[in-house]
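Everything on this sheet refers to the single structure shown next.
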Amino acid sequence: MTDTCPALRADQLPDIDTKALQAADDPGHPPRILLLYGSLRAESYSRRAAEEAARILRRLGCETRLFDPHGLPLVDDTGADHPKVAELRELVVWSEGMVWSSPERHGAMTGVMKTQIDWLPLSLQGGIRTTQGKTLAVMQVSGGSQSFNAVNQMRILGR
């Protein structure tokens, strides 16, 4: 058995950026955690859950940033140069871990949450996904005995 893949063209595969896999230059800095929430309501429970998670994480010594999804366009509506997209992507690169919090609507995470996840680059630096090697916590705010679909979807997308 050979280790060749005749259908793949090696010249079209980017090299893996091994420097991006290494720890930050300053290993003494606090862990950097980005929090995303999936609602635009003024009294959003997913935002409140994310804010509470940020408060607890700061108390534990983390540096946190909360992304406000207001004004983030749909993926096919504009390019990656949109200011809100650039802001989100910069925060994702900055972070070493993420917390995602979403309500469940019609058996799924909200469109607001999915749009944020859709704007995360699948490959940012040398073939490395923006969620690769990062800790991810997922939360869902909704009641009922079958309220677990949003958490499952976020878990799968965050792998």
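The numbers here are math on the coordinates, done by the rules we state, and not lab data. Note that the structure is predicted; figures quoted are calculated from it, not measured. Reconstructed Cβ throughout: ideal geometry from the backbone, glycine too, with neighbour counts over all protein chains shown.
Values as computed for the structure displayed
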{"item": "Under-5 Å amide H pairs with Met98, H placed in peptide plane, nonlocal only", "result": "Leu34, Thr135, Leu136, Ala137"}
{"item": "Under-5 Å amide H pairs with Leu40, H placed in peptide plane, nonlocal only", "result": "none"}
{"item": "Cβ crowding within 10 Å averaged over residues, with 44-51, 73-80, 136-143 ranked highest first", "result": "44-51, 136-143, 73-80"}
